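Below: the structure, in C-alpha cells.
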Amino acid sequence: MSKRKYSLVQVGKEGKVEKYRIQPSAISDIDFSDSAVSKQYDGDSSEIFDGIDDEDDFQPLDIKIGKKTYQYIPFGSDDNLPLTIRKMIAENMVTSQGLAFDILACYGKGIRIIDRKTKNDTDDPEIRDFCLANSLHEMFMEDATDMKYFFFTVTEIILNRNQDQIVQLRHLDVTRCRLEKKKNNGVIEHVFYGDFRDGRVPEKAVAIPLLNIVDPLGDLLIRLGKKENPRTGKKEATAGKCYKFAVLCRMPTPGCRYYPIPYYMSIFRDDWYDIYKLIGIGKKFMIKNTSAPRVQIEVHEDYWDNVCNYENILDPEKRKARIAEERQNLIDFVCGPENAGKAIISNYYIDPNGKENRMVRITNINEGGKKEGGDWADDMQEASNAICFALGVHPNLIGATPGKSQMNNSGSDKRELFNLKQALENPTHDIMLKPYHLVLHFNRWSDKYTVDVPVIQLTTLDENKSQKTVSINNGNEDEHHNN
C-alpha cells in the first residue's frame, strides 16, 4: 500500500447518508510553485545555447603543455557545450533512443577492408593483423557516435619508429578535444586532448599535431620529408621524432566554424524539447501529488455508532479512536493495491417504503470509464514526433508512437523507411573513412584494397530472406568511391 496519507472528506449529505471523497491529507501543502518545478525543469533549453553562433567572438583560452603555452578556441561560450549536449540528450528518452538508432544506422554492418576487384574481405595477413590490433569495428562505432552527436571526429594515427608505416589508430573522444586557434595563414596546427570539464582548463593535456584537413596524406608525407613542400620545392623532414598525428573528419555545416553545429540541435533552441519535458514533469506532479481514487463513499450516519456498539466500546475517547480506525480501514480498502478484487461486507435494510438502505456504498465516479493517466497523451505524441523529425528518424522506426491507432505504417512502409535511412548514411560514411583511406595509401595497401561500409537492406518476403548486405559502392567502379 502507498505510504501517502489520505483522508475522508465529507462532500455532502442526503437524509441520513453522508457522502465522502478521498484526497491526500497534505494536498494543501503541496508545492506547485515555480521554484519547485524549476528544480526539475532547469529553465528553457534555448537559453543554454545563447551565443553559440558567435564563435568568432569567443575569447581564446590559454593552455600550458610542458613549457609552452598555446591558445585554443572554447567549445561553446562556456567551453562545456559537448558535456551539456550529452547530458541533455541522456535526459530525454526520445532524443537518446533517436540518436542511438542514428548511430546504429550509420554503423551499418561495420567497416570492411575489401579487395578492389572481387569486393570480398581481404585475406592479407598483414592487414588482418592490423585490423585486429586496432579493434577497427569498435573504433568505427566510436566514430559513428561522435559523428552523430557532434558532427565531427578526431582520429590519432601512430607511426612506427622508422616513420614509414602507420601501426596504430586511436579514436579521440570529441568531448575531450579542443582545437588550437588558427594561425595567420588560417591553419589549425594542433588538437589538444585532456579532461576539459565544467569549463576548466585541464592541468594535464597533450598537444597533437593536426594534419591538413583537406589533404592529410600529402601533409603527412611533406612533414616526413617523403614529398616536396610546394612552398619551397624541396623535401624537408619537419616532423622530427614526432610519431603521432591527428586527423579531423568534419561534416559540412553553414559557416566556417571550428566546431560544427549539428542540425538536430534545433530541438534545444526550439520549444519541443522543453514541451516534452514539461509534459513529463506535469504528469509526474499530477500523479505523485494529487492522484487519489475517484470514488464516492456513502456511509449511513448510524454506521459509526453501530461499529462501536457491536464491539461494546462505551468510553467516548475509545469510540472516537475506533471510528478513526474504521475511517482508515475504508481508505485502505479503496487505496490498497493488495485489496484489489476483494469485496466489502456491509449490512442494509429495507425501509417501510420498500427502499434499500445500505450502511456503506462505494461508487466509482471515473468519467465515462476514462483510463487514468491519459492527460496530455496527444501532446506528448506531438512533441515526440517533432523531436524525431529534428533527429531525422521516423518515429515508427524507434517506437516513439506505438499503438495501432498512432499512424503506424505497414511493414512495407517501414522497410522502405529503413532502407532510405541507410542510403542517407553514404555521405557520412565517405567523410568518416578519411583516416582509413589515409592508412591504406600510406601503408601502400591501396593498389589492391579499399575500405567499405556495407549497409543492411531489408528485403521483401518473396526474396526468401529477411535482409541482405549492400555495399556503399552500389556496384559503381568509379574511383571516387574506391579511394
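The values are calculated or read from the model by the stated rules, or taken from the named source; none is laboratory data. None of the values given here were measured: they were computed from a predicted structure. We place every Cβ from the backbone using ideal geometry, glycine too, and count neighbours over all the protein chains shown. Only protein heavy atoms, including side chains, enter the accessible area calculation; ligands, DNA and RNA are left aside. Shrake-Rupley method; radii C 1.70, N 1.55, O 1.52, S 1.80 Å.
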Peptides ranked, highest mean first, by Cβ atoms within 10 Å: ranges 384-391, 194-201: 384-391, 194-201
Probe 1.4 Å, all protein chains in place: accessible area of Leu104 in Å², nearest 10? 110
What length, rounded to one decimal in nm, is gained on full extension from His137 through to Leu104, with 0.36 nm per residue of separation minus their alpha-carbon distance? 10.6 nm
When averaged across all projection directions, what area in nm² does the alpha-carbon convex hull of region 205-313 cover? 17.7
Extension gain Arg86-Gln328, at 0.36 nm per residue separation less the Cα-Cα distance, in nm? 82.3 nm
So how do Trp445, Trp272 rank on accessible area, 1.4 Å probe, biggest first, that is with the largest at the start? Trp272, Trp445
So, counting K/R as plus one and D/E as minus one, what does the shell of residues with Cβ under 15 Å around Gly12 add up to? +1
Trypsin sites (Lys or Arg not before Pro) restricted to DSSP loop in region 47-101 with at most 16 other C-beta within 10 Å: Lys67
Roughly how many nanometres apart are two label points built 7 Å out from the Cα toward the Cβ at Glu311 and Lys68? 8.6
Find, among the chymotrypsin sites (Phe, Trp or Tyr not before Pro) in region 76-164, those assigned to loop by DSSP (not H, G, I, E, B) with at most 14 other beta-carbon atoms within 10 angstrom. none
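Quick one: ranking His190, His137 by accessible area, 1.4 Å probe, largest first, what do you get?
Descending order: His137, His190.
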Inter-site label distance for Asn212 and Gln165 at 7 Å from Cα along Cβ, in nm: 2.7
Ile166 - accessible surface, heavy atoms, 1.4 Å probe, Å² rounded to 10: 0
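With a 1.4 Å probe and all protein chains in place, put Tyr20, Tyr258, Tyr263 in order of accessible area, largest first.
Tyr263, Tyr258, Tyr20
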Based solely on C-alpha atoms, express the radius of gyration and the Dmax of region 111-212 in angstrom. 16.6, 52
Report the calculated FRET efficiency for Arg116 and Asp270 (r = Cβ-Cβ distance, R0 = 60 Å), to the nearest 0.05. 0.85
The extension gain from Asp198 to Gln97, computed as 0.36 nm times the residue separation minus the Cα-Cα distance, is 33.8 nm
Sorted by chain and number, the residues with a modelled amide H under 5 Å from that of Leu8, at a separation of 5 or more or across chains, are none
Report the label-to-label distance for Ser46 and Asp447 in nanometres (one decimal), using points 7 Å from each Cα along the Cα→Cβ vector. 6.0
Could you state how much accessible area Leu83 has, in square angstrom rounded to the nearest 10, with a 1.4 Å probe and all protein chains kept in place? 30
FRET efficiency (Cys335, Leu397; Cβ distance; R0 30 Å; to 0.05) is 0.15
Residue-count net charge about Leu99 - beta-carbon cut-off 15 Å; Lys, Arg +1, Asp, Glu -1: -2
